[in-house]
Amino acid sequence: MGDQEGGLRARLVAVGVALVAEEGVQALTLREIARRAGVSHGAPRRYFPTHRELLSAIAREGFARVAAEAATAAADDGRGARERIAAVCGSYIRFAREHRGMYELMLRHDLLESGYLGLRSVSLPLFDLLTTLLIEARTETEAETGSRAATATGARSGAGSDDGPRTGSDDRPEAASDDRSEAGFDDGPESAPRPGAAPPRVTAGALWANLHGIVQLWEWGALKLATGEDDIDALLRAALDAHLGPEQR
């Protein structure tokens, strides 16, 4: 494809991006895009044989922008993984709310299922980023929990070192099981170690689905009505707590 043809193809896509931002998905007709690009209404067919292919190229620009904003939000600048996850999710919700037309276009099943330009795979780097951050967040949580448990155990041991082992009502030394329970362990058969959490990719998928639900229901007004909450960030924090556990403070 020559420079002139490539330039016209890019111009058609850029016009589509601007049009969907201004007037929504319903405005993305071949005729209107051609008119705004200053070409005949049949010209887009030379580069996009079908309307769906042109829409897919426009949607790809949206995916690229979401990925770029997520990468910025996830920058490893000294913040913990959980804080970076919150930033990524926040950037996603913000994009969806500020660019409703593009967001709607990106989720069109006919475009995703067509396979044109691999729109499904375009979203995978963002999903992989979220999965990686979830793994880091779990590692950080486990390390912090272990550190707190060790501190609690050391404090208890130090408190009883001068007077010898404490005894219960039956004159036996008090068991250290209280410390083990606080650390997430227990010796009793009824309190076996809890089953592990869902695999990170499954958790990432559930969190991603939550984000879509939060955005859509919030824009419809359903969440405000049901919860009485005026701050969408409160819904995001609740989603993070549900999937990552309450934030350690």
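The values are calculated or read from the model by the stated rules, or taken from the named source; none is laboratory data. From a predicted model like this one, the values you see are computed outputs, not experimental measurements. When we count neighbours, we look across all protein chains shown, and the Cβ atoms used for this are built from the backbone with ideal geometry, even at glycine.
Among the residues making up segment 30-48, a single one is part of a helix (DSSP H, G or I) and touching a residue at least 40 places away in the same chain (Cβ under 8 Å): ARG46. Residues in segment 92-105 that are more than 18 Å from ALA238 (Cβ to Cβ) and under 16 Å from the mean Cα position of the chain (by Cα): PHE95, TYR103. Within 30 Å of VAL15 (Cβ to Cβ) and in contact with a Ser or Thr (Cβ under 6 Å, 6 or more places away or on another chain): does that describe GLU98? In short, no. The single condition among (1) assigned to a helix (DSSP H, G or I); (2) closer than 30 Å to LEU235 by Cβ that ALA14 does not meet is (2). Which of the residues belonging to segment 17-27 are of a type outside the set (Val, Ile, Thr) and in a helix (DSSP H, G or I)? Hits for segment 17-27 are ALA18, LEU19, ALA21, GLU22, GLU23, GLN26, ALA27. Scan segment 49-92 for residues that are at pLDDT 95 or above, outside any helix (DSSP H, G or I) and within 30 Å of ARG11 (Cβ to Cβ) and the total you get is 0.
In this structure, THR141 does not qualify as β-branched (Val, Ile, Thr), in contact (Cβ under 8 Å) with a residue 24 or more places away in the chain and more than 19 Å from ALA81 (Cα to Cα). Give the number of residues within segment 79-99 that are crowded, with 20+ Cβ neighbours inside 10 Å and of a type in the set (Gly, Ala, Ser). Of the residues in that region, 3 qualify.
Taken together, the residues in segment 212-249 that are assigned to a loop (DSSP other than H, G, I, E, B) and either among the polar types (S, T, N, Q) or in contact (Cβ under 8 Å) with a residue 40 or more places away in the chain (or both) amount to 3.
Scanning segment 187-209 for residues that are at pLDDT 50 or above and hydroxyl-bearing (Ser, Thr, Tyr) turns up just one, THR203. Scanning segment 30-78 for residues that are loosely packed, with under 14 Cβ neighbours inside 10 Å and of a type in the set (Val, Ile, Thr) returns THR50, THR72. Residues in segment 205-249 that are within 13 Å of the chain's Cα centre (by Cα) and either of a type in the set (Phe, Trp, Tyr) or not assigned by TED's automatic domain parsing to the domain that holds PHE95 (or both): TRP208 only.
Counting only helices (runs of 4 or more DSSP H) wholly contained in segment 93-172, no element carries 1 or more residues that are over 22 Å from GLU247 (Cα atoms), at pLDDT 90 or above and not assigned by TED's automatic domain parsing to the domain that holds PHE63.
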